[in-house]
Amino acid sequence: MKVNFVYSDLNPCGGAEKLSLITMQSFIELGINIDLTSLEFPDSKRIQNAFGKELASVLECIREIHILDTFNEKSIEKNILNDYKLVFNSHGDIDPYYHKSRNKFNTITYCHYPTAKFLIKSRDEEYLERYLKISRFERSGDNGIESITIPRSNNQVSLLQINNNKHLQWLEQTYDNMLMNSSLVTNSQYSHNQITKTLGISDTMVIYPPVDVDKFRDMSLIPSLNKGIKENDIVVICRIDPAKKVENVIFLAQKLREAGVNLKITIVGNLDPYHHYYYKKLKKTIIDLNLEDRIFFKTDASLEDLFVILSKSGIIFHPKPGEHFGISIVEAMSAGLVPVVPSVGGPTEFVPIENQYDSIETAVKIIQKFQNIKDIERIRTSNSVRQFSTQCYKAKIKKLVLDLLNGIDYTSFGVYHNLT
């Protein structure tokens with residue numbers, strides 16, 4: 001039996017990429033052969049640095065890796081000829097992958113959020129270039145893309161111009177067909193509700209993403225308790241990406257200084273060359289506001305680096321309202337950090353309401369309240385997120401896969417959440 005995993009690029013090494021590798025691991029443990037269809041070849045060294053040797057070793061178990069130029073009708077048609085029993089698209093928020101032979105019994109799509117629906121409609125240039133690699137198209141009457149050079153407002157260069165709607169229409173139809181004809185899984189009730197609102201699909205299953213809660217507890221919380229090395233500073237864990245609203249960290253640092261709260265903030269996140277302009281802008285703003293002694297970046301940190309940073313920190317601040325789930329928040333909570341998160345989004349499903357903010361000023365008050373909590377509270381915080389363990393996720397994914405292969409369709413009953 002062969003299963004095809006679809007994921008456009010595993011190299012950003014964020015939460016969604018980690019979920020994909022752990023899902024592959026689940027299939028391997030079931031004795032199922034897996035292929036990978038992607039737009040970029042996986043960088044094993046980068047992935048090992050971010051996730052550790054054990055999880056990166058999943059790449060060695062992939063039978064074949066198929067690299068497509070982009071997602072289009074011809075490439076998918078050719079790819080699907082490999083006679084797959086099941087297709088698992090673990091990047092269903094971004095990657096439009098559909099073929100008429102696919103249905104809810106032979107396709108699982110993990111859609112973190114119906115992001116592509118909005119990006120295609122708005123003709124978002126970053127999405128089309130960076131994620132779908134449309135600039136790889138050569139000029140042809142077949143694809144509706146004409147390669148030219150035009151300036152961008154952020155001083156980057158675009159290599160394409162959409163000169164008719166043919167390909168955009170195909171992308172939109174393909175994305176809708178993919179979600180309508182899959183056993184659809186998402187990461188939170190928040191995302192489930194948005195999928196229902198956007199596409200009218202109400203039978204999406206919620207399977208919370210996997211977090212190695214035990215490892216973060218053992219490698220960060222326990223050492224800090226044993227050695228007393230907690231410094232109670234603030235950590236932010238997210239990609240250096242405009243979508244993550246990292247500028248809110250700067251606003252927070254300003255307000256903390258005004259309130260007389262002397263805490264340092266470390267921003268831990270991967271930096272894609274595409275967003276280097278944004279990183280430079282953030283750094284300049286920090287210098288202009290004289291915050292260099294309060295905000296520090298740790299880009300492309302290793303897993304071991306992250307363990308050490310968490311062991312010395314007391315608070316995890318998340319800057320983006322409307323986060324779909326927040327794997328990094330759960331990781332930090334597993335390490336005993338106090339969460340401070342926006343009051344809108346998936347994190348509200350596991351973060352107490354007293355730790356949720358609706359303004360930066362409110363976030364400052366929460367930080368002031370919790371900056372010196374006792375060790376027993378850190379342990380209680382760590383225990384509160386054990387339901388998101390990798391083991392729980394794997395058990396639910398394995399049950400879903402085996403039941404689908406046996407002809408059981410959960411979506412026909414509108415069942416989600418509790419698959420174990």
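The values are calculated or read from the model by the stated rules, or taken from the named source; none is laboratory data. Predicted model, so just to flag it, every value in this text is computed and none were measured. Neighbour counts run over all protein chains shown; Cβ positions are idealised from the backbone, glycine included.
Brief remarks follow.
- Boolean, PHE51 is within 26 Å of PHE325 (Cα to Cα), touching a Leu at 6+ places or on another chain (Cβ under 9 Å) and assigned by TED's automatic domain parsing to the domain that holds LYS396: yes
- In segment 346-375, the qualifying residues are those that are free of Cβ contacts under 8 Å to residues at least 60 places away in the same chain and part of a loop (DSSP other than H, G, I, E, B), and the one that is surrounded by the most Cβ atoms within 10 Å (Cβ to Cβ) is VAL351.
- Scanning segment 282-303 for residues that are on the phi < 0 side of the Ramachandran plot and either under 26 Å from the mean Cα position of the chain (by Cα) or not assigned by TED's automatic domain parsing to the domain that holds ASN232 (or both) yields LEU282, LYS283, ILE295, PHE296, PHE297, LYS298, THR299, ALA301, SER302, LEU303.
- Single unsatisfied condition, LYS245 versus (1) of a type in the set (Lys, Arg); (2) in the same structural domain as ALA16 (by TED's automatic domain parsing); (3) under 24 Å from ALA363 (Cβ atoms): (2)
- Residues in segment 218-232 include none that are touching a helix residue (DSSP H, G or I) at 6+ places or on another chain (Cβ under 9 Å), assigned to a strand (DSSP E or B) and farther than 14 Å from PHE317 by Cβ.
- Boolean, LEU225 is in the same structural domain as ALA16 (by TED's automatic domain parsing), over 18 Å from the mean Cα position of the chain (by Cα), modelled with pLDDT under 95 and not polar (S, T, N, Q): no
- The single condition from (1) modelled with pLDDT of 50 or more; (2) at positive phi; (3) in contact with a His (Cβ under 7 Å, 6 or more places away or on another chain) that SER188 fails is (2).
- Considering only residues in segment 327-363 that are over 16 Å from SER382 (Cα atoms) and of a type in the set (Asp, Glu), the one that is farthest from the chain's Cα centre (by Cα) turns out to be GLU361.
- Residue identified as outside any helix (DSSP H, G or I), under 27 Å from LYS18 (Cα atoms), touching a residue at least 12 places away in the same chain (Cβ under 8 Å) and touching a Ser or Thr at 6+ places or on another chain (Cβ under 9 Å) among LEU310, LEU271, LEU291: LEU271
Residues are listed down the side, and each one gets a yes or a no for (1) among the basic types (Lys, Arg); (2) closer than 19 Å to MET333 by Cβ; (3) surrounded by fewer than 21 Cβ atoms within 10 Å (Cβ to Cβ):
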position: SER202; (1), (2), (3): no, no, yes
position: VAL213; (1), (2), (3): no, yes, no
position: ASP218; (1), (2), (3): no, yes, yes
position: PRO223; (1), (2), (3): no, yes, yes
position: LYS244; (1), (2), (3): yes, yes, no
position: LYS255; (1), (2), (3): yes, no, yes
position: ALA259; (1), (2), (3): no, no, yes
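- Filter result (touching a residue at least 40 places away in the same chain (Cβ under 8 Å) and not hydrophobic (A, V, I, L, M, F, W, C)) within segment 216-242: ARG217, SER220, PRO223, SER224, LYS230, GLU231, ASN232, ASP233, ARG239
- Selection status of PHE296, hydrophobic (A, V, I, L, M, F, W, C), free of Cβ contacts under 8 Å to residues at least 40 places away in the same chain and not in a loop (DSSP other than H, G, I, E, B): yes
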